[in-house]
Amino acid sequence: MSEPLRLGIAGLGTVGIGVVKIVQRHARLLARRAGRDISISAVCARSRDKDRGVRLGDYVWEDDPVALAKRDDVDVFVELMGGADGPAKAATEAAIASGKDVVTANKAMMAHHGQALAIAAEAQGHVIRFEAAVAGGIPVVKALCEGLAGNEISRVMGVLNGTCNYILTRMQAEGLSYGEVFKAADELGYLEADPNLDVGGIDAGHKLALLAAIAFGTQVAFEAMELEGIERITIEDIELAADMGFRIKLLCVAQMTGRGLEQRTSPCLVPASSPLGQLENATNMVVLEGDSVGQIVLRGAGAGQGPTASAVMGDIVDLARGFRVSTFGQPAASLAKPNPASSSVPAPYYLRMSLQDKPGALAKIATVLGDAGISIDRMRQYRHVDPTAPVLIVTHKTSGSALRDAVAAMAGTNVLAGEPVAIRIEAV
Ligand SMILES: NC(=O)c1ccc[n+]([C@@H]2O[C@H](COP(=O)([O-])OP(=O)(O)OC[C@H]3O[C@@H](n4cnc5c(N)ncnc54)[C@H](OP(=O)(O)O)[C@@H]3O)[C@@H](O)[C@H]2O)c1
């Protein structure tokens, strides 16, 4: 058997300890599969005294992740601290400069610096693997880089933030408000330290930007993403959408259009009967569409110790086998600069508004839509909630810009109480 593959693990929290547990529990299974032992040389975290519930005494302890990354007895630097910048980036750069491969679960770092880090690593004949950074235990990076390598990918879609899906499905199932379920999610420890990363769509956007780079052979372009979170979704929208046969999801969509790369993370309506519509709680789902394969759907745990560590180990076993696929499935230096396009693909829209109880109010709204070239597919008027009546309109396909213009023009009709809510309906 060849020499062992020696790991240096920085970060012994949820994911890091999960990786230590797998290395310890499955030592023989991993050695059989990789053709060599996989061992841990050194570890690092902030607090040395914390009881982490696993045996760590056999490993060298480093206080400084950069020192760990440079150690001669470390072949692969495993970055599991988190954070786009700071120690995670500094230690990853140090590992690359010392000629090591890197495995990370850090979507924020990869979304902001993945391009530069991958170029630096690949210039040295090494790679950064980041399966765990996208959709936790679902091997979607591998699916795109390897299994689907013979396809031209037309669209990547998914529910990539389990916390948002948990909030939306509990609102739906129990008729609770956004605020009530947000509080429950916080108490369960589901939210990031900065909750805006979850509910503002940023975490899901980081993941989509990484998938889009692999799928379309383009440089990671998180800053060009259209981002909208779930904070403004009300129980009223969830119930009315359900009444029309839809579910509201925080949907990530990337597609290459004639005008350029469209990347959006935003609340969308999807048919309740579709796989995405039926996705419940904190589960993730990725839908991939390729010219030869058609559509495939991957579903599984998007976070948690076991699933995330499983993805980290998949990358480590690949490296132990000597398998080094480029970080983004092709050399990072060959990734094209994307031309960002904003929601250019037309779609039907859900429009909810409160109409004042005035004669001809609905006709005025229909006229505004007609003037903008938007036709109505379905419409429902609900019982008056004095002095207004909720009205729901599902439009035929229209562009996002035509819809925005129409919504702006509705303000001039003087028949609305409050702002209309417009949500895109995605064909899935
Ligand atoms: N948790 C998940 O389900 C999940 C899923 C997918 C991806 N990820 C990603 O995986 C990474 C780790 O997440 P996690 O949930 O395991 O985080 P975590 O539980 O907060 O653990 C972070 C670890 O990093 C250590 N650390 C932080 N700053 C450090 C520093 N300056 N020097 C040395 N060690 C430092 C901490 O040390 P102490 O323990 O001493 O404080 C802790 O052990 C993140 O990038 C996250 O986005 C997590």
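The values are calculated or read from the model by the stated rules, or taken from the named source; none is laboratory data. As the structure is a computational prediction, the values presented were derived from the model and not from experiment. Virtual Cβ from ideal backbone geometry, glycine too; neighbours counted across all protein chains shown.
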Exercise. Does region 397-407 contain at least one residue that is under 17 Å from LEU240 (Cα atoms) and surrounded by 15 or more Cβ atoms within 10 Å (Cβ to Cβ)?
Worked result: no
For this session: Check whether at least one residue in region 233-243 is surrounded by fewer than 17 Cβ atoms within 10 Å (Cβ to Cβ), within 16 Å of the ligand (Cβ to nearest atom), at pLDDT below 95 and within 26 Å of PHE182 (Cβ to Cβ), and report yes or no.
Result: no
For this session: Identify the residue in region 37-58 that is away from the ligand (no atom under 14 Å from the Cβ) and not hydrophobic (A, V, I, L, M, F, W, C) and, among all such residues, is surrounded by the most Cβ atoms within 10 Å (Cβ to Cβ).
Result: SER41
For this session: Might you check whether a residue that is away from the ligand (no atom under 11 Å from the Cβ) and assigned to a strand (DSSP E or B) occurs anywhere in region 168-181?
Result: no
Seminar exercise, completed: Checking ALA135, ALA149 in turn, the sole residue that is closer than 18 Å to VAL19 by Cβ, assigned to a loop (DSSP other than H, G, I, E, B) and modelled with pLDDT of 95 or more turns out to be ALA135
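State yes or no: is ALA34 touching an Asp or Glu at 6+ places or on another chain (Cβ under 6 Å), more than 11 Å from the ligand (Cβ to nearest atom) and either touching a residue at least 60 places away in the same chain (Cβ under 8 Å) or among the hydrophobic types (A, V, I, L, M, F, W, C) (or both)?
Here the answer is no, as ALA34 does not meet what is asked.
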For this session: Test SER334 against the stated conditions and say whether it is among the polar types (S, T, N, Q) and touching a residue at least 40 places away in the same chain (Cβ under 8 Å).
Result: yes
For this session: With the condition kept exactly as written, say whether any residue in region 402-420 is in a strand (DSSP E or B) and touching a strand residue (DSSP E or B) at 6+ places or on another chain (Cβ under 6 Å).
Result: yes
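Looking at region 59-110 only, could you name the residues that are β-branched (Val, Ile, Thr) and surrounded by fewer than 21 Cβ atoms within 10 Å (Cβ to Cβ)?
Result: VAL60, VAL66.
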Seminar exercise, completed: Pairs returned, first residue in region 11-31 that is more than 21 Å from ASP49 (Cβ to Cβ) and more than 16 Å from the ligand (Cβ to nearest atom), second residue that is at pLDDT 95 or above and acidic (Asp, Glu), beta-carbon separation under 6 angstrom, 6 or more apart or interchain, are ALA31/ASP37
Exercise. Quick one: which of GLN330, GLN305, GLN278, GLN295 is modelled with pLDDT of 95 or more and under 27 Å from ALA116 (Cβ atoms)?
Worked result: GLN330
Exercise. ILE119: closer than 30 Å to PHE246 by Cβ, more than 15 Å from the ligand (Cβ to nearest atom) and in contact with a helix residue (DSSP H, G or I) (Cβ under 6 Å, 6 or more places away or on another chain), yes or no?
Worked result: no
Problem set entry | For ARG155: the one exception among (1) in a helix (DSSP H, G or I); (2) more than 16 Å from the ligand (Cβ to nearest atom); (3) of a type outside the set (Ser, Thr, Tyr) | (1)
Exercise. LEU148 fails exactly one of the following numbered conditions: (1) farther than 30 Å from ASP243 by Cα; (2) surrounded by fewer than 24 Cβ atoms within 10 Å (Cβ to Cβ); (3) within 16 Å of the ligand (Cβ to nearest atom); (4) not charged (D, E, K, R). What is the number of that condition?
Worked result: (3)
Exercise. Are any residues in region 296-310 more than 8 Å from the ligand (Cβ to nearest atom) and aliphatic (A, V, I, L, M), and if so, which ones?
Worked result: ILE296, VAL297, LEU298, ALA301, ALA309
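Quick one: is GLY300 surrounded by 14 or more Cβ atoms within 10 Å (Cβ to Cβ) and modelled with pLDDT of 95 or more?
Yes, satisfied.
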Exercise. Among the candidates ARG321, ARG299, ARG352, which residue alone is within 30 Å of ASP37 (Cβ to Cβ) and of a type outside the set (Gly, Ala, Ser)?
Worked result: ARG321
Exercise. Can you tell me which of ASP58, ASP51, ASP72 is of a type outside the set (S, T, N, Q) and under 30 Å from GLY125 (Cβ atoms)?
Worked result: ASP72
For this session: Only strands (runs of 3 or more DSSP E) wholly contained in region 276-392 count here; list those with 3 or more residues that are under 30 Å from GLY11 (Cα atoms).
Result: 283-290, 294-301
Problem set entry | Among the residues listed as ILE214, ILE235, the single one being of a type in the set (Val, Ile, Thr), touching a strand residue (DSSP E or B) at 6+ places or on another chain (Cβ under 9 Å) and in contact (Cβ under 8 Å) with a residue 60 or more places away in the chain | ILE214
